[in-house]
Amino acid sequence: TWTQQIIHQLLRKGESGGFYGESCPWLEATSSEFLQPREAPTWTLEKINNTPGPRYFKTHATVKDLPRGQAKIKIIYVARNPKDSVVSLYHHAKSKPEFGYTG
């Protein structure tokens, strides 16, 4: 999400406004009834495929599993300290009712 926000701001030349998911959709969310309405409300896989380049999207897929066809791609890879990831997951789960977290 942090990288999506950076890309969104770069594409908007620093102008505020909009939702980062509009400029950098989450690929997996486009095919999920659960995630799509919140994380990629205006996107489908077909729309991503038909968007003229350069295209940007978030994914948790490995590089070899990316749907790239014949395109030469550039990748922004983000790795996090596992301790930071655990703290982030705690706050994420706590803030989303669908996780059912009560701790």
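Modelled this way, with points 7 Å down the Cα-to-C-beta line, the labels at ALA61 and LYS47 are 1.8 nm from one another. Residues whose amide H lies under 5 Å from that of TRP26, counting only those 5 or more places away or on a different chain, are LYS58; hydrogens are built 1.01 Å from N in the peptide plane.
Per residue, the accessible area of the chain comes to 79 Å² when a 1.4 Å probe rolls over the protein heavy atoms. Accessible area per residue (1.4 Å probe, heavy atoms of protein chains only) ranks HIS91, HIS60 as HIS60, HIS91, with the largest value leading. Within the accessible area of the chain, the carbon and sulfur atoms contribute 57%, probe 1.4 Å, all protein chains present. Taking only the alpha carbons of segment 44-102, we obtain Rg and Dmax values of 16.1, 47 Å in that order.
Put a dot 7 Å past the Cα of GLU33, heading toward its Cβ, do the same for ALA79, and the two dots end up 3.8 nm apart. If one takes the longest principal axis of the Cα atoms in the chain, at what angle in degrees, from 0 to 90 and to the nearest 10, does the Cα axis of helix 2-11 lie? Orientation of helix 2-11: about 40 degrees from the principal axis. Pull out a ≥ b ≥ c, the square roots of the eigenvalues of the alpha-carbon gyration tensor of segment 1-90, then state rounded if a/c is under 1.5, prolate if not and a/b is larger than b/c, and oblate in the remaining case. Because its axes are fairly even, with a/c under 1.5, segment 1-90 counts as rounded. When +1 charges are put on Lys and Arg Cβ atoms and -1 charges on Asp and Glu Cβ atoms, the dipole computed for segment 23-103 relative to its Cα centre reaches about 360 debye. Note on segment 9-42 and segment 52-103: Cα centroid distance 13 Å, given to the nearest whole angstrom. Counting only alpha carbon atoms, the long axis of helix 82-95 and the longest principal axis of the chain meet at about 80°. Cross-link partners of LYS47 among aspartates and glutamates, defined as those whose alpha carbon lies under 16 angstrom from its own and excluding same-chain residues fewer than eight positions apart: GLU22, GLU28, GLU39. The mean sequence separation of alpha-carbon pairs under 8 Å and at least six residues apart, normalised by the residue count of the chain, gives a relative contact order of 20 percent. Taking 19 Å as the straight-line reach from the Cα of LYS94, the lysines in range (excluding those fewer than 8 positions away in the same chain) are LYS83.
The values are calculated or read from the model by the stated rules, or taken from the named source; none is laboratory data. What you see is a predicted model; the values in this text were computed from it and never measured. All Cβ positions, even for glycine, are placed from backbone atoms using ideal geometry, and neighbour counts span all protein chains on display. What goes into the accessible areas is simple: the full protein's heavy atoms, side chains included, and nothing from ligands, DNA or RNA. Shrake-Rupley method; radii C 1.70, N 1.55, O 1.52, S 1.80 Å.
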